[in-house]
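The values are calculated or read from the model by the stated rules, or taken from the named source; none is laboratory data. All values reported here derive from a predicted model rather than from experimental measurement. Every residue, glycine as well, gets a Cβ built from its backbone with ideal geometry; the counts of neighbours run over all protein chains shown. The protein model used for the area step is the full one, side chains on, heavy atoms only, and it has no ligands, DNA or RNA in it. Shrake-Rupley method; radii C 1.70, N 1.55, O 1.52, S 1.80 Å.
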Amino acid sequence: MEFILQPWPWYVSGFLISIVLFLLFYFGKNFGVSSNLETMCTIAGAGKISDYFNTNWKDKTWSLIFLIGLIIGGYVAIEYLSKGTSVDISLQTIKDLEELGFNDIGSTFVPSEIFSLESLFTFKGFLILFFAGILIGFGTRYADGCTSGHAITGLSSFQLPSLIAVIGFFIGGLFMVWLVFPLIFN
């Protein structure tokens, strides 16, 4: 049990991801999470409004099962495998985050100043999550996939658009952390 509770080395996780990708490629499937929203919209009847959703959603049920597995796996990991776990963060990063007004850095996986019910019900917290959701939704459609789809499936199959998208993800992340976060949280 101790092995499961510790962070796994990159070569173990990487090897397991490569096995999953090999199986997906073998069965002619693509890995990605954002396509599940399209599938759920199709199931809900969005094809009556837009021809974009006129697809056979039953061909993508494996992806919905994967999404359900992500949710269950995340719950199990947080509730049963992460008790008392702190996150190792460099001292410089802790100092930088404290200057932006973040507290209890490293005690949780996500900052409560953004991802908590208390923050959600503030005007600032609601606006941050609302606009972040719009930008992520737009970016996912504009890039024709999400970070997991491009960074894992796209790069492993040597797709140039995925390489360009992943470079864009990193540039966008750096832009947000170094230029936008100080404006929002100071």
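Structural remarks
- Modelled spin-label separation between L120 and L183, with each label point placed 7 Å from Cα along the Cα-to-Cβ direction: 2.7 nm.
- Every pair of different Cα atoms in region 1-128 enters the Kirkwood calculation, which places the hydrodynamic radius at 18.6 Å.
- Taking every protein chain into account, the 1.4 Å probe leaves V166 with about 20 Å² of accessible area, to the nearest ten.
- Computed helical MRE - 222 nm, the chain, DSSP H runs ≥ 4 contributing -39500 (n - 2.57), nearest 500: -17000 deg cm²/dmol
- Taking T147, T108, T39 in turn, the Gaussian network model of the chain (Cα-Cα springs below 10 Å) assigns the largest fluctuation to T108.
- Within a Gaussian network of the chain (alpha carbon springs, distance under 10 Å), most fluctuating of S35, S107, S50: S50
- Fraction of accessible area attributable to carbon and sulfur, the chain (%, probe 1.4 Å): 73
- Average Cα contact separation per residue, the chain, under 8 Å, 6 or more apart, as relative contact order %: 22
- Taken per residue, the accessible surface of the chain reaches 74 Å², heavy atoms only and a 1.4 Å probe.
- Magnitude of the charge dipole, the chain, Cβ model with Lys/Arg +1 and Asp/Glu -1, debye to 20: 600
- Taking the centroid of alpha carbons for each part, region 1-39 and region 112-186 are 21 Å apart.
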